[in-house]
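*Asks:* The structure's right below; bear with me while I get my questions together.
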Amino acid sequence: MKASVTDKLKILADAAKYDVSCASSGSKRNNKNKGLGNATGMGICHSYTEDGRCVSLLKILLTNHCIYDCAYCVSRKSNDIKRVAFTVEEVVDLTINFYRRNYIEGLFLSSGIFKNADYTNERLIRIAKKLRNEHNFNGYIHLKIIPGASPEVMREAGVYADRLSVNLEIPSERSLQKIAPEKDHKSVYTPMNWLKEQIAENREDSRKFRKTPMFAPGGQSTQMVVGATPETDHHILNLSASLYKEQLLKRVYYSGYIPISEDERLPALKQAPLIRENRLYQADWLYRFYGFEVNEIIDETQPNLDLEIDPKLGYALRHLDQFPVDVNRAPYEMILRVPGIGVKTAQLIVKSRKYGRVRYEDIKKMGAAMNRAKYFIEISGRPLPAASAVPERIRHEIIYPAKKAQLTLF
Amino acid sequence: MKILYDGSFDGLMSVVFDCYEQKMVPTAIIKMHKYQPEMFDQVQTVETNAEKTKRVIDGLHKKMTSNAFNQLFKAFHSEFDDIELTIFNYIRLVISTKGYIGTDYRQEPILRIKQVVKMMNREIHRMHAFVRFQLTVDGIYAATVNPDFDVMPFIGEHFRKRYADQLWLIYDVQRDYGIYYDMQKLQTIHIENPEWTANKKIKDSLLADKEKSFQNMWQQYFSSTSIAERKNMKLHLQHVPKRYWKYLPEKSA
């Protein structure tokens, strides 16, 4: 029996959901000639799944037919599941109709691999092209680049898509060989590096010539599966840092491995490593937005992030000599390093202190989480009473606040 | 002294004028239709006067950036009970201080305005996210909403830029007005005797043929894209509070 669009949606959205990226940010595309849609730069989550992830794009596979047999993937060749494929028209029609109802910011299209990388990518591009050219669609489009894609194909993809991504999937070559025998890191890095050059060249051109056509204005991203293979957080975070620095990626996504398969090449996990994944994202933010170097967040002596406390608190406890920070005098960068003080609060503090001394109550009202910040700040030339030279004690008090109250009771 | 006014932003500006002119110190500034008399109340009603309003607004523009002024205008639409007095106190600080004071967040009214604007912006962002258009038989993409604050004046531009090639309507069912885009311009409209369903949604009989089928597909997509092994309803509710569910097809089915 022929599958209905709803049946296909069920299977191909389900198969695409392990790609965690759903960002619709970082691109700016205006609505042209009274057409449909735009990309505003900030991205909008139109809904959230029951697991709390942003739903911003219609994220589907074109098909789950696949010639590869990657152990971590539901669509792997050896898995006995129903295989279906959307037609070009069906994807276009769904995208436009979902978009017009304000369900989504756009389309994130990926696919199982049929025939070869280029053949598959050409099919994805055909859809993006139709949306742009025939429907004057200016919403967000994220296209997956299949490892091994040729420059000709990627050049066309960049013309129609806002963002492109080649997934690294497994953080080390050795592990990758073991569980995805048809893939290697070279087939990922070659297109990634080519895109990097192409994007840089395009940005350079558009500074010089006003009419330069856009090429992947939202840049490129990648994803790593975490917990399916033995790599440490130290390894992973250093890898991410180099991807941000060398490949100039906009985002690196971490996908806690969900034990979807009984494949014997993979560890038998009971549960997805969600806390670990969360800590990796926090560390990633510290690196990108808080001015931390990777070796300040993690080093080889403790190669995995502390699961009980966030990495910023971890840093502060390992570097108590840098604290307490005087909120009335310290530079913005140091205030940003205080656990419990985020970017917004740090900005309010440095703006306000120009007018006079900022007090404990002021900081609290400005939004600092004092349960953590109180150990690491000083207000009028002296630390707060909570400050203690013993990191273990601070750590304990923060993790078990209720127990502490109990102790003081007796 | 409690001051009553007509509830408009212009009205509030006239209140500022009268307070300065008559040296009144308000203890509360209340929208007339919200006022409930209490014993021993000292009450004064201020009429909105275009000339007075203009003089206050012109004066403020000399003392503060237009961005800061727009923040006051936005904060006003939060409809919080304390918002008029907070704006009044903010203006008093601006007028009495030499130089720029807008970023001294140690000052109560300045921090409060900043925080209220943040709440307004979040609600505006939620409307950008949670408006769900339904195609009606007359070819209008229509949505009913019930936002926490009066955000209609701040969301039209976003939708106009995005949905330039379709007719659309967003209607605030609680405040009983909305914005309509006719593919040329935005209009603020009020619908006389609207025919909503009992819970203020658009009646099924008014929907275009395929509308329900797209809603069903969206529901299918939504449930398929969730990962059961990762289910975390606490996080889910934090992002999509229950009060918005009614108008979200993926949550109300």
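*Asks:* So, restricting to helices (runs of 4 or more DSSP H) that lie completely within the stretch A:149-214, which ones have at least 3 residues that are crowded, with 18+ Cβ neighbours inside 10 Å and modelled with pLDDT of 95 or more?
*Replies:* Ranges flagged: A:151-160, A:186-208.
*Asks:* Then there is this: Answer yes or no: is there a residue in the stretch A:337-355 that is touching a strand residue (DSSP E or B) at 6+ places or on another chain (Cβ under 6 Å) and within 23 Å of A:Arg395 (Cβ to Cβ).
*Replies:* yes
*Asks:* Now for a separate question. Please determine, by comparing only the residues of the stretch B:136-163 that are among the aliphatic types (A, V, I, L, M) and not in a helix (DSSP H, G or I), which one is farthest from B:Trp196 (Cα to Cα).
*Replies:* The residue in question is B:Val151.
*Asks:* Now for a separate question. Kindly indicate the residue of the stretch B:226-246 that is buried (at least 16 other Cβ atoms within 10 Å of the Cβ) and closer than 22 Å to B:Gln134 by Cα and also nearest to the other protein chains (Cβ to nearest Cβ) among those meeting that condition.
*Replies:* Per the criteria, the residue is B:Val240.
*Asks:* Could you tell me whether any residue of the stretch A:91-105 is among the aliphatic types (A, V, I, L, M) and over 19 Å from A:Lys8 (Cα atoms)?
*Replies:* no
*Asks:* Just one of the numbered conditions (1) over 16 Å from A:Lys365 (Cβ atoms); (2) exposed (fewer than 15 other Cβ atoms within 10 Å of the Cβ) is not true of B:Phe76; which one?
*Replies:* Of the numbered conditions (1) over 16 Å from A:Lys365 (Cβ atoms); (2) exposed (fewer than 15 other Cβ atoms within 10 Å of the Cβ), the odd one out for B:Phe76 is (2).
*Asks:* Kindly indicate the residue of the stretch A:302-349 that is of a type in the set (S, T, N, Q) and not assigned by TED's automatic domain parsing to the domain that holds A:Arg382 and also nearest to A:Val226 (Cα to Cα) among those meeting that condition.
*Replies:* Ranking the qualifying residues of the stretch A:302-349, first place goes to A:Asn304.
*Asks:* Here is a further query. Would you mention how many residues in the stretch B:90-122 are under 30 Å from A:Phe98 (Cα atoms) and crowded, with 19+ Cβ neighbours inside 10 Å?
*Replies:* 1
*Asks:* Now for a separate question. For the stretch B:115-133: of the residues being in a helix (DSSP H, G or I) and aliphatic (A, V, I, L, M), which is nearest to the other protein chains (Cβ to nearest Cβ)?
*Replies:* Once the filter is applied, the top-ranked residue is B:Ala129.
*Asks:* One residue is enough: does the stretch B:18-37 have a residue meeting the conditions assigned to a loop (DSSP other than H, G, I, E, B) and basic (Lys, Arg)?
*Replies:* Yes, there is a match, as at least one residue in the stretch B:18-37 is assigned to a loop (DSSP other than H, G, I, E, B) and basic (Lys, Arg).
*Asks:* Would you confirm whether any residue within the stretch B:149-158 is surrounded by fewer than 18 Cβ atoms within 10 Å (Cβ to Cβ), at pLDDT 95 or above and facing another protein chain (nearest Cβ under 10 Å)?
*Replies:* Yes: the stretch B:149-158 contains one or more residues that are surrounded by fewer than 18 Cβ atoms within 10 Å (Cβ to Cβ), at pLDDT 95 or above and facing another protein chain (nearest Cβ under 10 Å).
*Asks:* Also: Would you mind stating whether B:Arg112 is within 14 Å of chain A (Cβ to nearest Cβ) and either farther than 22 Å from B:Trp168 by Cβ or under 11 Å from the mean Cα position of the chain (by Cα) (or both)?
*Replies:* Yes, satisfied.
*Asks:* Any residue in the stretch A:26-48 that's assigned by TED's automatic domain parsing to the domain that holds A:His142 and closer than 16 Å to A:Leu164 by Cα: show its pairings with residues that are part of a loop (DSSP other than H, G, I, E, B) and among the basic types (Lys, Arg) at Cβ separation under 8 Å, as long as the two are six or more apart or on different chains.
*Replies:* A:Gly26/A:Lys250; A:Ala39/A:Lys28; A:Gly41/A:Lys28
*Asks:* Pick out the one residue from A:Lys312, A:Lys364 that is in contact with a Pro (Cβ under 9 Å, 6 or more places away or on another chain) and within 20 Å of A:Pro383 (Cβ to Cβ).
*Replies:* Result: A:Lys312 is the single residue among A:Lys312, A:Lys364 that is in contact with a Pro (Cβ under 9 Å, 6 or more places away or on another chain) and within 20 Å of A:Pro383 (Cβ to Cβ).
*Asks:* Please verify whether the stretch B:84-103 includes one or more residues that are assigned to a loop (DSSP other than H, G, I, E, B), of a type in the set (D, E, K, R) and not assigned by TED's automatic domain parsing to the domain that holds B:Pro241.
*Replies:* yes
*Asks:* Going through A:Glu308, A:Glu361, A:Glu333 one at a time, which residue ends up being under 25 Å from the mean Cα position of the chain (by Cα) and part of a helix (DSSP H, G or I)?
*Replies:* Just one listed residue meets the conditions, A:Glu333.
*Asks:* Does the stretch B:107-120 include one or more residues that are within 22 Å of A:Thr40 (Cβ to Cβ), touching a helix residue (DSSP H, G or I) at 6+ places or on another chain (Cβ under 9 Å), assigned by TED's automatic domain parsing to the domain that holds B:Lys246 and not aliphatic (A, V, I, L, M)?
*Replies:* Within the stretch B:107-120 (the criterion being within 22 Å of A:Thr40 (Cβ to Cβ), touching a helix residue (DSSP H, G or I) at 6+ places or on another chain (Cβ under 9 Å), assigned by TED's automatic domain parsing to the domain that holds B:Lys246 and not aliphatic (A, V, I, L, M)), the answer is no, since none of the residues qualifies.
The values are calculated or read from the model by the stated rules, or taken from the named source; none is laboratory data. In this text the structure is predicted, and so the values were computed from the model without any measurement. All Cβ positions, even for glycine, are placed from backbone atoms using ideal geometry, and neighbour counts span all protein chains on display.
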